[in-house]
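Right, one structure below, let's go through it.
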Amino acid sequence: MRSGLLLILGVMVGSAGSNWLSAQQSRPYAVVSQQDHYEIEQLVKGYTHGVDVGPEDASWVYTSDGEFFSTNTKRITKGEKALKEMYGRLRKSNETRPVNHLLTNLVVTPTKDGATGTVYLTELQRDDKNTSMPMILRFGRYHDTYVRTPQGWRIKRREFHQIAPDPDSRP
């Protein structure tokens, strides 16, 4: 009786293990490791510092042929030079109008070519003396495509989807 029970239990465990192994081998992509996730998270945080305070602008987080697309303006900025110019203008405007970008709730999903990710953006404007509570200028979500390069993980494409205020409701 006991050996029969052990045999049934062994067959069940073996079958479950075989199914799990088969499912792992049929995946079209590898799992993003903890190290990869950490490096992507650092990339996203580096972007925020590059937009707001530096020391370098945020263009470094992109591949040399990377692109930024804003769904509310329908504008694409593509390539190293264009991204550097765009983020240079943004940093200059942030000096006269203090703005901070808060990125939260990063979710990274592996793909066959690297990874994709989403992260929420809350853009805060503060007064130049920091004497009042910041005002929320914009809230939205970035949809990113990440690829591994010789320099580490980089953004191949970033799309910004503004959620609030609704870009179509402006006068």
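The values are calculated or read from the model by the stated rules, or taken from the named source; none is laboratory data. It should be emphasised that the depicted structure is a prediction, and the values quoted were computed from it without experimental measurement. Cβ coordinates were reconstructed from backbone atoms using ideal geometry, including for glycine residues, and neighbour counts include every protein chain displayed.
In region 46-80, the residue that is surrounded by the most Cβ atoms within 10 Å (Cβ to Cβ) out of those that are modelled with pLDDT of 90 or more and among the small types (Gly, Ala, Ser) is Ala58.
Screening region 55-85 for residues that are assigned to a helix (DSSP H, G or I) and of a type outside the set (D, E, K, R) and picking the one that is nearest to Ile40 (Cα to Cα) gives Val61. Being among the basic types (Lys, Arg), crowded, with 16+ Cβ neighbours inside 10 Å and without any contact (Cβ under 8 Å) to a residue 60 or more places away in the chain holds for only one residue in Arg158, Arg126, Arg138, and it is Arg138.
Count of region 81-119 residues, restricted to those that are surrounded by 14 or more Cβ atoms within 10 Å (Cβ to Cβ) and either of a type in the set (Gly, Ala, Ser) or on the phi > 0 side of the Ramachandran plot (or both), is 4.
Answer yes if at least one residue in region 34-48 is under 12 Å from the mean Cα position of the chain (by Cα) and assigned to a strand (DSSP E or B), and no otherwise. Within region 34-48, not a single residue is under 12 Å from the mean Cα position of the chain (by Cα) and assigned to a strand (DSSP E or B). A single entry from Thr116, Thr109, Thr149 fulfils the requirement of being within 24 Å of Ser64 (Cα to Cα) and touching a Gly at 6+ places or on another chain (Cβ under 9 Å): Thr109. On inspection, Gly117 does not qualify as out of contact with any Phe, Trp or Tyr (no Cβ under 9 Å at 6 or more places or on another chain) and of a type in the set (Gly, Ala, Ser). Apart from one condition, Ser18 fits all of (1) surrounded by 10 or more Cβ atoms within 10 Å (Cβ to Cβ); (2) modelled with pLDDT of 55 or more; (3) among the polar types (S, T, N, Q); the exception is (2).
Scoring Gly88 on the criteria (1) part of a helix (DSSP H, G or I); (2) under 28 Å from Asp166 (Cβ atoms); (3) at pLDDT below 95 leaves a single failure, condition (2).
The C-beta contact set for region 100-112 (first residue farther than 26 Å from Asp57 by Cα, second residue modelled with pLDDT under 95, distance under 7 angstrom, 6+ apart or interchain) comprises Pro110/Tyr29; Pro110/Ala30; Pro110/Val31; Pro110/Val32; Thr111/Tyr29; Lys112/Pro28; Lys112/Tyr29.
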